[in-house]
Amino acid sequence: MRITKEKKQENYERIIATASELFRERGFDGVGVAELMERAGLTHGGFYNHFRSKEELIAESTENGLSETLKRYAGHDVAAVMELYLAREHRDGRSQGCTAAALSCDAARQPEETKAVFAAGIDRLVRALEAGIAAKHASDAGAGTRAQAITILAQAVGAIVLSRACPDDSPLADELLEACRADCRDAIENRARKQ
């Protein structure tokens, strides 16, 4: 039985959304195609109507997850983004959280195609932070803004990764988030003094 183009697109989007969530939760190697398709409510064989391989799905779901991160924080002041990003809720909501924090270490062991998707997505995150910093400090935006955005992103993602590596009830898990949140806030708010 043939399905309509609309239904095929709906199935594709469901697979991508399910994969994005499961990969963030368990990593690329922690999810098999059969389980993914079952979770998406589709047959295992249907996977190959949409993707040539799991690697292709990984690249496309990564693009989706990184785009979700940008959408989630769009419209927020850059300092507010750091408050939301470096919060315990984000740390604990792994399957709904930032793809960069959940999967960057996994991506390092993936084919170049996936690394290229990550690089493009990370660059978009840097540019969004750069624009937010520039908007907050319009009078002194320019030189150093990109470097500052890169530093802030790296610190924020690293804080989430390290906090998640600690036991849930560990005081260090919260301390990592609190220290980096304060440092990022200071870097954003006091940009003029640091230049």
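The values are calculated or read from the model by the stated rules, or taken from the named source; none is laboratory data. As the structure is a computational prediction, the values presented were derived from the model and not from experiment. Cβ: placed from backbone, ideal geometry, glycine included. Neighbour counts: every protein chain shown. Keep in mind that these areas ignore ligands, DNA and RNA; they rest on the heavy atoms of the full protein, side chains included. Shrake-Rupley method; radii C 1.70, N 1.55, O 1.52, S 1.80 Å.
Looking only at residues of the stretch 11-41 that are without any contact (Cβ under 8 Å) to a residue 24 or more places away in the chain and open to solvent by 90 Å² or more (accessible area, probe 1.4 Å), we find that the one that is farthest from the chain's Cα centre (by Cα) is Glu38. Checked against the criterion of being surrounded by 15 or more Cβ atoms within 10 Å (Cβ to Cβ) and of a type in the set (Val, Ile, Thr), the stretch 42-52 contains not a single residue that satisfies it. Scan the stretch 50-60 and tell me whether some residue there is of a type in the set (Ser, Thr, Tyr) and touching a Phe, Trp or Tyr at 6+ places or on another chain (Cβ under 9 Å). No, that holds for no residue. Within the stretch 60-84, residues that are touching a residue at least 40 places away in the same chain (Cβ under 8 Å) sit with their Cβ atoms under 9 Å from residues that are part of a loop (DSSP other than H, G, I, E, B) and of a type in the set (Gly, Ala, Ser), at 6+ positions apart or across chains, in these pairs: Thr69/Gly97. For Ala138, the test of being free of Cβ contacts under 8 Å to residues at least 12 places away in the same chain and either under 19 Å from Arg72 (Cα atoms) or open to solvent by 30 Å² or more (accessible area, probe 1.4 Å) (or both) is passed. Any chance the stretch 173-195 includes a residue that's among the β-branched types (Val, Ile, Thr), crowded, with 20+ Cβ neighbours inside 10 Å and within 17 Å of Gly65 (Cα to Cα)? Checking the stretch 173-195: not a single residue is among the β-branched types (Val, Ile, Thr), crowded, with 20+ Cβ neighbours inside 10 Å and within 17 Å of Gly65 (Cα to Cα).
Restricting the stretch 1-10 to residues that are without any contact (Cβ under 8 Å) to a residue 40 or more places away in the chain and not hydrophobic (A, V, I, L, M, F, W, C) leaves a set whose member that is nearest to Gly97 (Cα to Cα) is Glu10. Does Thr151 fit the bill of being surrounded by fewer than 19 Cβ atoms within 10 Å (Cβ to Cβ), in contact (Cβ under 8 Å) with a residue 12 or more places away in the chain and either of a type outside the set (S, T, N, Q) or more than 18 Å from Glu25 (Cα to Cα) (or both)? Yes, satisfied.
Looking at the stretch 80-95 only, could you name the residues that are crowded, with 16+ Cβ neighbours inside 10 Å and farther than 12 Å from Arg164 by Cα? Hits for the stretch 80-95 are Val81, Met82, Tyr85. Within the set Ala159, Ala165, Ala102, the sole residue that is surrounded by fewer than 16 Cβ atoms within 10 Å (Cβ to Cβ) and either over 15 Å from Glu63 (Cα atoms) or within 14 Å of the chain's Cα centre (by Cα) (or both) turns out to be Ala165.
Within the stretch 53-76, being assigned to a helix (DSSP H, G or I), open to solvent by 20 Å² or more (accessible area, probe 1.4 Å) and within 24 Å of Leu125 (Cβ to Cβ) holds for Glu55, Glu56, Glu60, Glu63, Asn64, Ser67, Glu68, Leu70, Lys71, Arg72, Tyr73.
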